[in-house]
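Taking it in order: structure first as structure tokens, then the write-up.
The values are calculated or read from the model by the stated rules, or taken from the named source; none is laboratory data. Keep in mind that what you see is a predicted model, and the values were worked out from it rather than measured. Here the Cβ is made from the backbone with ideal geometry for all residues, glycine too, and neighbour counts use every protein chain on show. Note: areas computed on protein heavy atoms with side chains; ligands, DNA, RNA excluded. Shrake-Rupley method; radii C 1.70, N 1.55, O 1.52, S 1.80 Å.
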Amino acid sequence: MNQWTKTSDFPIVNPKLCGKKSYFIYAATSFGSRRSLPLFPFDSIIKLNLLDKSTKTWSVGRRRFIGEPIFVPKGVQEDDGYLLVVEYAVAIQMCYLFVLVAKKIGEADASI
């Protein structure tokens, strides 16, 4: 997994495939845009494709941070499902639940 070099944590796969070969891994990560804390807190989700070594990301934006993603399977394909992500908005001190379409991570319409 040399293609992603940024700090990441909370890796998850489709739970239907736990203990089996998986090709997609999702994790919380940080783009390192803050000088004081470049590696934490997490502000993005990374989708790693182990077949073609590609990566796709989804980000909550400035002064917003996320927790551990949870994968909820929907269909038969490995990336057919949803990611549940709790976001904390610092400026207004509120949390929001984002529901992301796993197949659309990296696209503008990934959130429902």
For the chain, what is the charge dipole size about the Cα centre, in debye to the nearest 20, if Lys and Arg each add +1 at the Cβ and Asp and Glu each add -1 at the Cβ?
-> 220 debye
Which residue, 69, 15, 41, tops the fluctuation ranking in a GNM of the chain built on C-alpha contacts under 10 Å?
-> 15
Quick one: how many lysine pairs in the chain have C-alpha atoms under 12 angstrom apart, if they're 8 or more apart or on different chains?
-> 7
Once the Cα atoms of the stretch 59-112 are picked out, what are the Rg and Dmax in Å?
-> 12.0, 40
Could you check how much of the accessible area of the chain is carbon and sulfur, as a whole percent, using a 1.4 Å probe?
-> 57 percent
